[in-house]
Amino acid sequence: MQFPWGTLLGAVARGEGLTLIELRKIMRPNGKLTVLIGFDPDRDRAEMNRLGVSDLSAAYIEEELVPRYQAAGLAVESFEILSPSGWPEIESSWARKLRGSVNRNLIHLRATVDRVRVPNLVRH
């Protein structure tokens, strides 16, 4: 998932359970999920606040986001926060545009389907 925006960005950056469960449901048993979020801590602050995302620090990801992904049946294998010079080669015009900002970091999160932890998929 490259550079989600709007409500999808809010859902994956907050670790919204229902959205993550729905993503997991459409994945293959050995499926892999890569989430790329580009953010400028200063320029994007108002939008992140609007979306209910108060923090995108390494501590937040490790202590809050990773457990939420795991609760949805997605085992987070790794995550990193990269400066523009450290971004991997991403084949999209949007990635090239975002990389041009010297303050825009990239969250690169990798997860797989956790076949042991299956979330409750019953709808109410």
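Values in this text are rule-based calculations from the coordinates and carry no lab data. Computed from a prediction, not measured in an experiment: that's the story for all the values here. Cβ sites come from the backbone with ideal geometry, for glycine too, and all protein chains shown count toward neighbours.
Number of residues in the range 1-60 that are more than 19 Å from Ala72 (Cα to Cα) and aliphatic (A, V, I, L, M): the value is 7. Of all the residues in the range 15-67, those that are surrounded by 13 or more Cβ atoms within 10 Å (Cβ to Cβ) and either in a helix (DSSP H, G or I) or on the phi > 0 side of the Ramachandran plot (or both) number 16.
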